Amino acid sequence: MIKTERKPSKNNGKSKKTAAAAKTTAGTLRKAPAGRPGTVQPGSGATADDDTVIIALSLPKVTLSEPMSAYFRKCEEKLGFVPNVLKAYAFDMAKLEAFVAMYNDLMLGPSGLSKTEREMIAVAVSSHNRCYYCLVAHGAALRQYSGDPALGELIAMNYRAARLPKRQRAMLDFTVKLTREPWSVEEDDRERLRRAGFSDRDIWDISAIAGFFNMSNRVASATDMRPNSVYHAMAR
């Protein structure tokens, strides 16, 4: 469960107004003060249909396997919702289970990369590919893990504008080159990562995560996959 707080605004110092700090969880947003521009409620405005029309394909509904049913319940308990990508894959249990296993191994399993660094790779790849779903969903995850909303925005817009440590800059340079021109990756590129402090196992993980999100970006874009509307306000 992700919570953020927003401080009440001041009206140019002319009048003092108090309000309870806004607390945002998976599905709750503060109602905007009357007469002022405010936060759009999840599932309204530009995201009005994103929680109901998840993809542009008409695929059959099937009964979740027991392991996937338990996994969906775990998502509800921990996040407050089931990510739409899981619902999109739920027409085929073999595909859903393979996707979940690969994702959890790459993003949550043992690695020399921190969870923040793994999300940075996901967002940098998705930024280059302009993937709406992954930029929104993993932008939220990056803001959460890093505790720095501005970092999430910088990586989504242009990671080169972020004042990153040399290690992370080298990681994202490699990631984007692998995304943009995979045929051009050479030993010099791997050596730059080694000089930045990455082991050969780390280089494998960077490459595998970049490859996974290039695949996910293309499936999401091909099917017009829509992210859960609650992601937009998370960890800001």
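FYI, it's all coordinate maths here, none of it is from the lab. The structure presented is a predicted model; accordingly, all values stated were derived computationally and were not measured. Every residue, glycine as well, gets a Cβ built from its backbone with ideal geometry; the counts of neighbours run over all protein chains shown.
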### Full-extension gain in nm, residue 57 to residue 157, via 0.36 nm per residue minus C-alpha separation
33.1 nm
#### Entry: Ranking of 207, 199 by count of other Cβ atoms within 10 Å, fewest first
199, 207
### Phi-based couplings in Hz for the range 106-123 (Karplus 6.51, -1.76, 1.60; Gly and Pro marked x)
6, 9, 10, x, x, 6, x, 8, 6, 5, 4, 4, 5, 5, 4, 4, 4, 6
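Cα-Cα over 31 Å: which of 74/95; 74/177; 74/115?
Pairs exceeding the cut-off: 74/177.
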### Task
Using a Förster distance of 25 angstrom, determine the FRET efficiency expected from the C-beta separation of residue 190 and residue 102, and round it to 0.05.
0.65
### Task
Could you tell me what fraction of 2.2 N^0.38 Å the Cα radius of gyration of the range 83-142 comes to, as a two-decimal ratio?
1.17
## Note on the structure
Computed about the Cα centre, the charge dipole of the range 115-233 from +1 Lys/Arg and -1 Asp/Glu charges at the Cβ has a magnitude in debye, to the nearest 20, of 260
## Note on the structure
The Cα extents of the range 66-108 along the principal axes, largest first and rounded to whole Å, are 24, 23, 18
### Cβ-Cβ FRET estimate between residue 92 and residue 208, R0 fixed at 22 Å, reported to 0.05
0.45
### Summary
Subtracting the Cα-Cα distance of residue 183 and residue 64 from 0.36 nm times their residue separation yields 38.9 nm
### Message
Taking the number of other C-beta atoms within 10 Å as the exposure measure, put 114, 221 in order starting with the fewest.
### Response
114, 221
### Task
Give the residues of the range 178-212 whose amide nitrogen is closer than 16 Å to a point set 7 Å from the Cα of residue 114 in the direction of its Cβ.
197-198
